[in-house]
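One structure is given here, and the rest of the page talks about it.
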Amino acid sequence: MKNANQIEFDFKNFTARVAELNRLHKELHDLSELRLRTGKEEDIARWELAVNKWKEFSGFGWPETKFYLFENREFLAALSSGDADAKETAIKFLEFDPYYYRSGYMKSKLLVRLKHLKLTASEVRRLQKVVCNAILSPLPKIEFKDYSRLLKNIGTPEFFQKIQNMSVPDISYLQNRKTCCLQNVYWK
């Protein structure tokens, strides 16, 4: 990033990198179950290696794209001011919804800023889809309250109806997400 007016984030091959990140995360969880079930030293060592690979890939990997751009003061200031490139970058990031070390905190920062911006009709539709995907995501969403608070900016009666009619599996945390979004306090 050169300055706040030139937001750069390389989404080239982003889908493949997110897929690899998800594969590493699944491997980590599979090995975690194995190590707990067997307690063998070699299974514990394999799990520790998987943890380190995932952390390296997610938190400090991809040097050409630096995900920590989303915590960069200049980027966040540009987003807060409504910079079109910053908005587009933030929305794309939320659409991809990668899950890695500190990603929830980064998404939260983006969502808080997007909640206060003037958005185009296209941006509103894209963010409504992001919220629907977040409701149904099987992954932990530490930032979920910020997804629901974004409804102050993107909530419409039609979208409220869409969430109300949304078929959500009978899993308590998914049902809680839907309920959280339907609370009238968050709708404009």
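The values are calculated or read from the model by the stated rules, or taken from the named source; none is laboratory data. The shown structure was predicted, so the numbers you read here are calculated from the model rather than taken from an experiment. Don't worry about glycine lacking a Cβ; one is built from the backbone with ideal geometry, like all the others, and counts go over all protein chains shown.
At a glance:
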{"read-out": "Cross-chain or 6+ apart pairs with Cβ under 6 Å, the stretch 117-132 first and assigned by TED's automatic domain parsing to the domain that holds C181, then hydroxyl-bearing (S, T, Y) and buried (at least 18 other Cβ atoms within 10 Å of the Cβ)", "value": "V131/Y147"}
{"read-out": "Qualifying residues in the stretch 69-109 (those that are under 17 Å from R125 (Cα atoms) and hydrophobic (A, V, I, L, M, F, W, C)) - the one farthest from the chain's Cα centre (by Cα)", "value": "A84"}
